[in-house]
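Some notes on the structure that comes next.
The values are calculated or read from the model by the stated rules, or taken from the named source; none is laboratory data. Quantities reported herein were computed from a predicted structural model and do not represent experimental measurements. So basically every Cβ, Gly included, is an ideal-geometry build from the backbone, and we count neighbours across all protein chains shown. Areas reflect the complete protein model, heavy atoms only, side chains present, ligands, DNA and RNA absent. Shrake-Rupley method; radii C 1.70, N 1.55, O 1.52, S 1.80 Å.
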Amino acid sequence: MTVTTGIFGTFAGGYVLDLVGNSVRNGMLLGAGAMAAAAVVILVAFLSVSSFLVFCVVFSVGEFFLFFVQAPSNALILWSVPRESRAIAVSLGVVCQHVLGDVPGPPVMGLVQEHLTHNWRATMSLAVVFIALGSVCYGLGVGRDGAPGGVGDPRDEGQRGGGRVMHEDGDEDGDEDGGSEGRDEERARLVGNE
């Protein structure tokens, strides 16, 4: 169930981001929407579904939305750092997901179950709060499109991260001769004004 929703959810997130347009704003909007949808669907699964088969189906939809966020999230990480830091940024993103989520999650939820709720449905419903918090964080990032310190919109000509921008004429840097002078001058201008 998790493998299938992971494959299809991650692919769908990337496909939809490409479809609506690659930008920080769209990545944040997709992240906020998918996390909110996941929170609602998973909450419904834990609070109101009594049949195991129906629970599996509803929970799979929630998992799909959780995995949907992966592609936009990775794109946002890549767009937020200079080109030379992208590999370490993605690596740190994965480590943080595990260190802050997968690793402490089961023991913390076990403690909540054992000492507070004594009800697995209530315990797992409390876990949905963290998913909803993720949606809020993405939502707060919507207005940060092109924030200082990152590369901003991946289509901008003046990307500080050194990413390649392909223009309609097929030229990477937008100048007539196909050279990199225009891109280098723009980068120097941006760095000099910070």
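Couple of notes before you dig in:
- Pro72 vs. criteria under 21 Å from the mean Cα position of the chain (by Cα), farther than 26 Å from Ala12 by Cα and open to solvent by less than 40 Å² (accessible area, probe 1.4 Å): no
- Within segment 114-123, the set of residues being open to solvent by 70 Å² or more (accessible area, probe 1.4 Å) and in a helix (DSSP H, G or I) comprises Glu114, His115, Leu116, Trp120.
Yes or no, residue by residue, for (1) of a type in the set (Lys, Arg); (2) open to solvent by less than 20 Å² (accessible area, probe 1.4 Å); (3) free of Cβ contacts under 8 Å to residues at least 40 places away in the same chain:
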site: Thr2; (1), (2), (3): no, no, no
site: Leu17; (1), (2), (3): no, yes, no
site: Val20; (1), (2), (3): no, no, yes
site: Gly27; (1), (2), (3): no, yes, no
site: Val41; (1), (2), (3): no, no, yes
site: Val44; (1), (2), (3): no, no, yes
site: Leu47; (1), (2), (3): no, no, no
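- Per the listing Leu100, Leu126, Leu140, Leu111, the residue uniquely of a type in the set (A, V, I, L, M), on the phi < 0 side of the Ramachandran plot, over 17 Å from the mean Cα position of the chain (by Cα) and exposed (fewer than 12 other Cβ atoms within 10 Å of the Cβ) is Leu111.
- Residue list for segment 88-97, restricted to those being closer than 16 Å to Gln70 by Cα and open to solvent by 40 Å² or more (accessible area, probe 1.4 Å): Val90, Ser91, Leu92, Val94, Val95, Cys96, Gln97
- For Gly62, the criteria (1) within 18 Å of the chain's Cα centre (by Cα); (2) modelled with pLDDT under 95 hold in every case but one, which is (2).
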